[in-house]
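One structure below.
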Amino acid sequence: MTEFVAPTVDWAALSPVVIVLLAAVVGVLVEAFVPARARRTVQLTLAVAALAGAVIAVAALWNGVEASGGTVVLGGSLLVDGPTLVLQATIALLALVSLLIIADRTETGEDAFAPNAAAVPGSDYEELARRKGVQQTEIYPLVLFATGGMLIFPATGDLLTLFVALEVLSLPLYLLTGMARRRRLLSQEASMKYFLLGAFSSALLLFGIALVYGYSGSLRYSEISEATQVPGGMDGLLLVGSVLILSGLLFKVGAVPFHTWTPDVYQGAPTPITGFMAACTKAAAFGALLRVVYTMLPGMAWDLGVLLWTVAILTMVVGTVAALVQTDMKRVLGYSSIAHAGFILTGIIALNEAGIVAVLFYLLVYGAATVGAFGIVWLVRERAGRPDDPEGNGPVLGEATHLSQWAGLGRTHPLLALTFALFLLSFAGIPLTAGFAGKFSVFSAAVEGGAWPLALIGVLASSVAVFFYVRIIVLMFFTEPAGAQDEGTGPSSLAPSAEGFALGGDSAVAVEAEPVVQARSTVSTTVVGTEGLAVVAIAVCALVTIVLGVFPSPVLDLIASVATFLA
Amino acid sequence: MSSSFPWLTALIVVPLLGAVAMWAIPAGRARAVALGVSLLELALGVVALTAFDVAAAGEVQLLEVHGWIPAFGVSYAVGVDGVGLILVLMSVLIVPLVVLAAWREQGSLTVATDQLRRYLALVLLLEAFIVAVFAARDVFFFYVLFEAMLIPVYFMIGLFGGAQRRYAAVKFLLYSLTGGLIMLVAVIALYLQGPGGPQGFLTENLTGLTLDPTAEKLMFCAFFLAFAIKAPMFPVHTWLPDAAQQAPAGTSTLLVGVLDKVGTFGMLTLCLPLFPNASRWAAPVVIVLAVISILYGALLAIGQKDLMRLIAYTSVSHFGFIVLGIFAFTSTSVAGSSFYMVNHGLSTAALFLIAGFLVARRGSQQIADFGGLQKIVPVLAGTFLVAGLSALSLPGLSTFVSEFLVIVGTFARHPAAAVVSSLGVVLAAIYVLWTYQRMFTGPERPELAGMVDAGTRERWVVAPLLALMVVFGFVPGPALDLVRPPASVTLDQVGVQDLPATAATEEGSDR
């Protein structure tokens, strides 16, 4: 046996990850030692500082990596190269923006999270916690842990680290998903579903890792890649192993047929978390997928091509078609995120440098629009009317997610609706928005890489997708607001919410949990004011969407200058 | 001749700034600002004409090329030849008239409303896109504008139109967007055949490529489909009547009179030069479709009960003539089509705007709701008649010159098509004169007795259009000087031998 040699650690190269994870640990201590009153302020400051620090750390590393092509850290477990830095910057920035939305308590003074997640929904104990204004500040360290895992995920150089990073990013997300303040049973069900399916896919991934290890005798991507060049007698092992690994990763990006969790989880999770999850997890998981496909399995391109093509086509088609028939805003966005996963996959299948640039760019622009869009969904609320005064200003309830409740928003809140329309147009890929630049770059990379049928299907799927994005715009701008008619619309707007609850199984309890059940028949739609944080976040997202739509060049050049994987 | 001043950029930026300003100013000033900006734009356009060397109208002038997204090979490239310039001029002429015509629309009988302010802002935004699209010399830039234009129009129909406006707006958007996206695939495919690099999308870098015949045909079809939807041609014209019926008159004017020219303009300046072999291959089919459009549009126009739908169908017929001339590949017919685009813009604008005045007075678009108006509103009746006569190409009006050039030019190559299409002229006489008869002659109706005739503002809207039609009808020379050289250049690019039209047409079309 050789003696154990401690690896030399290049702390500087690790700094983005270390800062975030360290801050998360400190955050846990804050929970224990800082008085409740000051906790939120301290946690928020800490989290913002950590994520901003991560961005700065990436910037500081940039020139060195651009010159050297990247460094191998921790004996090859982590690879700090160009794509790593781009993805880490993207994830940290998007997480920072999401954090502002997560932290915003709106003018109601209530954030998106259950005052006491351990309390049984509808119990007196929960009501007591709500009245006392208890707040769950643990969300900040949880978000930081998840972000830390995401920062590691695309940087991994071996399969074991990949698995660990996956778990570090997933576990906090399972928890966060179950902590919604409203519709708690739906949220808890989503969390359970996410956890079970996630655990299942982790198991697949782990099994795949074991098989590939059995084939190649190594966990390092570079060594596995070498092993695949030499024909051995155990190709079946490699094939099954790599398919299982890809399945695990495709689950995280929400590609068909591993997508079934996506709409439910997106719908059930607290909306700010949905935005965070949709943008950042996708960036991290696609980053990891990109690295695995480009550096570990290039020798397998021929064998795995069929699989990836099928998945990409299915993902685009199923995501688009299913989104057409949704009636819940969060589910529409959920299915649209599936379709987008398909578009990004076409960039990965391109297997060329243009593909890397395109995918990295797409993740940034898609993330910005997603965080912004979910931020707005979070602000559009139901407001209960009082029995004596249906139009009165009763308490603000949960998000008004049924599409019909968005009717006429363009008339009552033009700026908000316009911003939302901007994000939708970006999703749809209309020129002069960032989404178009992103779609164009992945499709042209795909055509260049010989995958033109995928590009064609992608374009057709996009044109179908336009329909449901535009339908929402029509609803916001060209339809009379439901409230402008009469009370008769009350029951009809109730029906959809009830439908939403029905998904939560025995969710009558969740309805009971709301203190204003009796007034539900006169629910109207309103937009809550913010504490300012969410407005900043949404404005940043809108700005990114416009600027990257009109002048994508600087960012594209920046990404292209470092878009090579460290072998 | 290259001018140091970026005329075309100025022409794009001015309305854009105007549109931005419209969001900032109070509603009360909206009319004045919008009119001022659009008149400034018109003046700028006229000055730009002086910077243009008419003797070299076949060349692209006032060219500006700047890198935009070098990573994709996309440049900001604008420049015009004679055809582009004359279409830009037509557009900047029509916009102030539309602004003036919208003066009292959107609930602003006395003071301008916020609603009107938004509408005018959209009009100015659209103007910027229109100028840019006629000037674009980069295929990708053209595509971006082609799609981006849809957004203001979509809102102009959907927010300000009639009862079925949402349906019309969505139908318009989906038709156009589908065509555009299919074109996008061809745009990318074409780029990959080209030289690539940071200027790979410049039109001049993509012209004259040696393409695989099948690929060329496919790309041609994708481009042509997008333009045929836009133009609109049979059988993909069905969005137009709905849009024109539901949109306010000013929107229809811009949509049909100006915006749809992008379709035929695209066929002329992109389809033919980029895919010459495929264009020759497809020409017979296109000519058949064009002839069908001419007759089908005219027949449906005769059967319409709604005034706006009627005008929309007449345009389908006229667009058939334009496409026919383009794909007949003679210098006479192509020049005629180019000129036709301008004349059709003027003629349709006049028809839609006057119809808009009538509809605003009557509160109905149904032809049956009018009757015997000749004596009540003589000015409106007279101007409508002149505009209508221009639609049926009466000699002495500019549309006659262009229609004649198209038919004569086409006759040299496809006599049968020319003969059949000339039936369209007869049908035009029916739909124009019969409509006039139903609306303006006959016994006076008591419920229409109180109708007021055109006011000063409305006369100012219509007068420039009618004046130009008469001027170009008798002196088409200056306009033809702008469109003839580009027609020859186009024929060279397509690689067909020009067929001389009979001597009489070259010299005597207007005499």
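The values are calculated or read from the model by the stated rules, or taken from the named source; none is laboratory data. Computed from a predicted structure; not experimentally measured. A quick note on method: Cβ atoms are made from the backbone with ideal geometry, for glycine too, and the neighbour counts reach across all protein chains shown. In case anyone asks, the SASA skips ligands and DNA or RNA and just uses the protein heavy atoms, side chains included. Shrake-Rupley method; radii C 1.70, N 1.55, O 1.52, S 1.80 Å.
Among the residues of segment B:288-300, the ones that are under 29 Å from B:Val88 (Cβ atoms) and buried (at least 24 other Cβ atoms within 10 Å of the Cβ) come to 4 in all.
Among the residues making up segment A:415-444, those that are at the interface with another protein chain (Cβ under 10 Å from one of its Cβ atoms), assigned to a helix (DSSP H, G or I) and of a type in the set (A, V, I, L, M) are A:Ala421, A:Leu425, A:Ala428, A:Ala437.
Only one residue in B:Tyr143, B:Tyr119 is among the hydroxyl-bearing types (Ser, Thr, Tyr), at the interface with chain A (Cβ under 10 Å from one of its Cβ atoms) and assigned to a helix (DSSP H, G or I). Which one?
B:Tyr143
Among the residues of segment A:19-45, write down those that are open to solvent by less than 50 Å² (accessible area, probe 1.4 Å) and under 23 Å from A:Ala155 (Cβ atoms). Hits for segment A:19-45 are A:Val20, A:Leu21, A:Ala23, A:Ala24, A:Gly27. Filtered by the rule that a residue be within 23 Å of the chain's Cα centre (by Cα) and more than 7 Å from chain B (Cβ to nearest Cβ), segment A:450-463 gives A:Gly458, A:Ala461.
Residue-level analysis places B:Val489 among those that are open to solvent by 50 Å² or more (accessible area, probe 1.4 Å), farther than 30 Å from B:Arg362 by Cβ and at pLDDT 85 or above. Taking segment B:230-257 as the range and being of a type in the set (A, V, I, L, M) and under 30 Å from B:Ala360 (Cβ atoms) as the test, the residues that pass are B:Ala231, B:Leu240, B:Ala243, B:Ala244, B:Ala247, B:Ala249, B:Leu254, B:Leu255, B:Val256.
For segment A:66-85, the candidate set comprises residues that are open to solvent by less than 10 Å² (accessible area, probe 1.4 Å), out of contact with any Lys or Arg (no Cβ under 9 Å at 6 or more places or on another chain) and under 13 Å from A:Leu558 (Cβ atoms); within that set, the residue that is modelled with the highest pLDDT is A:Leu85. For the structure I just gave you, tell me whether B:Tyr191 is of a type in the set (Phe, Trp, Tyr), over 16 Å from B:Leu255 (Cβ atoms) and surrounded by 19 or more Cβ atoms within 10 Å (Cβ to Cβ). The answer is yes for B:Tyr191. Evaluated against (1) within 22 Å of A:Phe343 (Cβ to Cβ); (2) part of a helix (DSSP H, G or I); (3) open to solvent by less than 10 Å² (accessible area, probe 1.4 Å), A:Leu238 falls short on exactly one condition, (1). Taking segment B:194-220, which residues are crowded, with 19+ Cβ neighbours inside 10 Å, within 14 Å of chain A (Cβ to nearest Cβ) and not in a loop (DSSP other than H, G, I, E, B)? Correct list: B:Met219 only. Here segment A:539-567 is the region considered, the condition is being more than 10 Å from chain B (Cβ to nearest Cβ) and in a loop (DSSP other than H, G, I, E, B), and the residue that is farthest from A:Ala279 (Cα to Cα) is A:Ala567.
Going through (1) out of contact with any Pro (no Cβ under 8 Å at 6 or more places or on another chain); (2) at positive phi; (3) among the aliphatic types (A, V, I, L, M) one by one, A:Leu351 falls short only on (1).
If the condition is being among the hydrophobic types (A, V, I, L, M, F, W, C), facing chain A (nearest Cβ under 9 Å) and surrounded by fewer than 22 Cβ atoms within 10 Å (Cβ to Cβ), then segment B:156-169 contributes only B:Leu159. Can A:Ala354 be described as surrounded by fewer than 24 Cβ atoms within 10 Å (Cβ to Cβ) and either more than 15 Å from A:Ile472 (Cα to Cα) or of a type in the set (A, V, I, L, M, F, W, C) (or both)? So A:Ala354 passes the test.
Considering A:Val447, A:Val466, A:Val474, which residue is β-branched (Val, Ile, Thr), open to solvent by less than 10 Å² (accessible area, probe 1.4 Å), part of a helix (DSSP H, G or I) and within 11 Å of chain B (Cβ to nearest Cβ)? Spell out how you get there, then give the answer.
Values: A:Val447 fails: open to solvent by less than 10 Å² (accessible area, probe 1.4 Å); A:Val474 fails: open to solvent by less than 10 Å² (accessible area, probe 1.4 Å).
Testing whether each residue is β-branched (Val, Ile, Thr), open to solvent by less than 10 Å² (accessible area, probe 1.4 Å), part of a helix (DSSP H, G or I) and within 11 Å of chain B (Cβ to nearest Cβ) leaves just A:Val466.
Of all residues assigned to segment A:392-404, none qualifies as being touching a residue at least 24 places away in the same chain (Cβ under 8 Å), away from chain B (no Cβ under 11 Å), part of a helix (DSSP H, G or I) and buried (at least 23 other Cβ atoms within 10 Å of the Cβ).
Looking for something open to solvent by 10 Å² or more (accessible area, probe 1.4 Å) and hydroxyl-bearing (Ser, Thr, Tyr) - is there at least one such residue anywhere in segment B:376-391? Looking for residues that are open to solvent by 10 Å² or more (accessible area, probe 1.4 Å) and hydroxyl-bearing (Ser, Thr, Tyr), one finds at least one in segment B:376-391, hence yes.
Taking the stated definitions as given, is B:Val236 under 26 Å from B:Ser421 (Cα atoms), out of contact with any strand residue (DSSP E or B) (no Cβ under 6 Å at 6 or more places or on another chain) and in a loop (DSSP other than H, G, I, E, B)? When the stated conditions are applied, B:Val236 passes them. Checking each residue in segment B:58-80 for being open to solvent by less than 40 Å² (accessible area, probe 1.4 Å), away from chain A (no Cβ under 14 Å) and hydrophobic (A, V, I, L, M, F, W, C) picks out B:Leu62, B:Ala77, B:Val78, B:Val80. Exactly one residue out of A:Ala278, A:Ala283 is touching a Gly at 6+ places or on another chain (Cβ under 6 Å) and open to solvent by less than 10 Å² (accessible area, probe 1.4 Å), and it is A:Ala283.
One line per residue, one yes/no per condition, for (1) closer than 19 Å to B:Ala128 by Cβ; (2) surrounded by 22 or more Cβ atoms within 10 Å (Cβ to Cβ); (3) at pLDDT 85 or above; (4) more than 14 Å from chain A (Cβ to nearest Cβ):
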| site | (1), (2), (3), (4) |
| --- | --- |
| B:Ser38 | yes, yes, yes, yes |
| B:Leu42 | yes, no, yes, yes |
| B:Val46 | yes, no, yes, yes |
| B:Asp53 | no, no, no, yes |
| B:Ala56 | no, no, no, yes |
